[in-house]
Amino acid sequence: MTNLDIKLRNSVKAAYENAPAMKARFEAAGITPDDIQGLADLPKIPVLSKDDIVAMQQENPPFGGMLGVSPDKITHIFFSPGPIYEPAPEADDSAWDVTVDALKTTGFKPGDVVLNSFTYHLVPAGFLFDNALTRLGCTVVPGGTGSADLQLKMMQDLQVTGYSGTPSFLMSLIKKAEAAGLDFKRDLQLKTAIFSAEPLPPTLRQTFVEEYGLAVGNAYATADFGLLALNTGEGMAMSILAEPIVEVVDMDTGRPVGPGETGEVVATNFSRAYPLIRIGTGDMGMNVDPNPGQSQQTERSLILVGRSGEAAKVRGMFVHPNQLRFATGQIPGVTKVQGVVSRPELKDYFVLRVEAEGVDETAVADLIKTAVQGLCRVRVDEVEFIALGSLADDTPGMVDARDWT
């Protein structure tokens, strides 16, 4: 039995005894805490969606019966769209240690002066990184989402060595410095940056690393769980952190998907104050597992592909529009792609509608089929070339045209 198994068993028992909503979930599923002895038993617990949490909090405000301690033990309450109200982690919550470890992995060290440009308003991002940085021994400059001119001045005056925030805001600060005649490497001391809250394109990462000499970490985080995974190198795979428990599951069955397969990212924490067990994040990810059934959580990775509402299952495999775009994005001449799954003769039929310019359609169709099958593990039955401009920017990337009646 692993350390995660033991922590899960104890957490489930405490949540069942102290959070009324957790007890109700177990009773509805016909299980008790004794049925959950470790990670292998997690699929017995139905996944709870964010929409479910919204409904629970509206019915039983403010926390929907999910609080595991008395309200006077809560130090901060944050807000997420829905609305969803979320208590801050307790001072001894392991989420802090995980975040500190992620900062160390990225390259932060005690004594760093760090500009924290995550917002401190309503959502927990600024608060989370601020507390983790000070626990590491850093000095935090709480910039939040304030004036870029002022934050650039603070970077100079305070000799800031680290940055936490979005990649786009850091790049805007760098460009503002260059427009003012500053040489970034010579006139500023920034050496380390951790990003979250928005995608970090490979080209932008390369610019930060190669042009500006930064050590870069790209964190996958959610408002309710904090940091879940981290990438500090090239490629799209993000290494899953030691906690919380992270699963990639089939949205229909709630069971973990196999290596290379795509599903919804589901997380479970060990919080006494706000125990969240098998919560669907709404994010879709590809499961990267080097040793299925044997890997420790920290040996696994995930590749985020988008939001669950945009995906469709084709022959038992979830396919997300971003996977299609990525698979076809390296093929010259292809500009847009849309997947359409229908069900003639009671079998899934998968068509890709493609906008392309100046290509040999036969050759490109073969390239597309190979690329998509390699990434999505689903055979493409037909590639249909359509006129340029047929797919508007807001056209769905995956269309489920199956009639189940």
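Among the residues of the range 288-343, none is identified as assigned by TED's automatic domain parsing to the domain that holds A267, within 27 Å of G389 (Cα to Cα) and free of Cβ contacts under 8 Å to residues at least 12 places away in the same chain. Name the residue that is modelled with the highest pLDDT, counting only residues in the range 277-320 that are closer than 19 Å to L227 by Cβ and of a type in the set (D, E). Step by step, filter the range 277-320, then rank; the result is E299. Set side by side, the residues P46, P33 differ, and just one is surrounded by 16 or more Cβ atoms within 10 Å (Cβ to Cβ) and touching a helix residue (DSSP H, G or I) at 6+ places or on another chain (Cβ under 7 Å), which is P33. Taking the condition at pLDDT 95 or above and more than 19 Å from K23 (Cα to Cα), does D112 pass? Taking the combined requirement at face value, the residue satisfies it. Note on the range 134-180: residues that are at pLDDT 95 or above, assigned to a loop (DSSP other than H, G, I, E, B) and closer than 17 Å to G217 by Cβ total 3. When the residues of the range 181-202 are filtered to those that are modelled with pLDDT of 95 or more and buried (at least 17 other Cβ atoms within 10 Å of the Cβ), which remaining residue is farthest from T222 (Cα to Cα)? Once the filter is applied, the top-ranked residue is L188.
Restricting attention to the range 271-304 and to residues that are in contact with a Ser or Thr (Cβ under 6 Å, 6 or more places away or on another chain) and of a type in the set (A, V, I, L, M, F, W, C), the residue that is surrounded by the fewest Cβ atoms within 10 Å (Cβ to Cβ) turns out to be V288. With a requirement of 3 or more residues that are more than 27 Å from the chain's Cα centre (by Cα), the strands (runs of 3 or more DSSP E) lying completely within the range 280-390 that satisfy it span 349-356, 382-386.
The values are calculated or read from the model by the stated rules, or taken from the named source; none is laboratory data. As the structure is a computational prediction, the values presented were derived from the model and not from experiment. Note that each Cβ is placed from the backbone with ideal geometry, even for glycine, and that neighbours are counted across all protein chains shown.
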